[in-house]
1. Considering only residues of segment 48-103 that are surrounded by fewer than 14 Cβ atoms within 10 Å (Cβ to Cβ) and of a type in the set (S, T, N, Q), which is modelled with the lowest pLDDT?
2. Tell me which residues, restricted to segment 1-26, are among the hydroxyl-bearing types (Ser, Thr, Tyr) and either surrounded by 10 or more Cβ atoms within 10 Å (Cβ to Cβ) or in a loop (DSSP other than H, G, I, E, B) (or both).
3. From the list Ser35, Ser76, Ser69, pick out the single residue that is of a type in the set (S, T, N, Q) and in a helix (DSSP H, G or I).
4. Residue pairs, Cβ under 9 Å, 6 or more apart or interchain, first in segment 28-55 and on the phi > 0 side of the Ramachandran plot, second among the polar types (S, T, N, Q). List them.
Amino acid sequence: MKNPFKVIEWSVSGVILVLWIIFSVVYVGNGVWNSVVRRVYNAGIQEGVKGAVMQAIDLAQKCQPVILSAGETKLSLVNTTCLGKKGETKAATEEVTPAEAEK
């Protein structure tokens, strides 16, 4: 009776070929994964910047000063169309934080 299960004989070139194919698949997969992660990260940054700018524009349209800060440096911006309106400019009591900009 014949044995239905044959033992595969591996040569050195066959082992190298299989290892090369596995390495290639992992290398290309890693490149695709990094590309996807980079795209999602950049989209998140753009969405955060857009939200912060929209919040600053909203405050400026309400004639409130927009307070920007980076570390120890602070800057207050005012809409120039509001300067002609006396008594209508409202002082901002709170500074805009990054957590509020995301809401």
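The values are calculated or read from the model by the stated rules, or taken from the named source; none is laboratory data. Note that the structure is predicted; figures quoted are calculated from it, not measured. Here the Cβ is made from the backbone with ideal geometry for all residues, glycine too, and neighbour counts use every protein chain on show.
1. If we take residues in segment 48-103 being surrounded by fewer than 14 Cβ atoms within 10 Å (Cβ to Cβ) and of a type in the set (S, T, N, Q), then Thr93 is modelled with the lowest pLDDT.
2. Filtering segment 1-26 down to residues among the hydroxyl-bearing types (Ser, Thr, Tyr) leaves 11, 13, 24.
Scanning segment 1-26 gives Ser11, Ser24.
3. On the way: Ser76 fails: in a helix (DSSP H, G or I); Ser69 fails: in a helix (DSSP H, G or I).
Among Ser35, Ser76, Ser69, only Ser35 is of a type in the set (S, T, N, Q) and in a helix (DSSP H, G or I).
4. Here the result reads none, with nothing in segment 28-55 linked to a residue that is among the polar types (S, T, N, Q).
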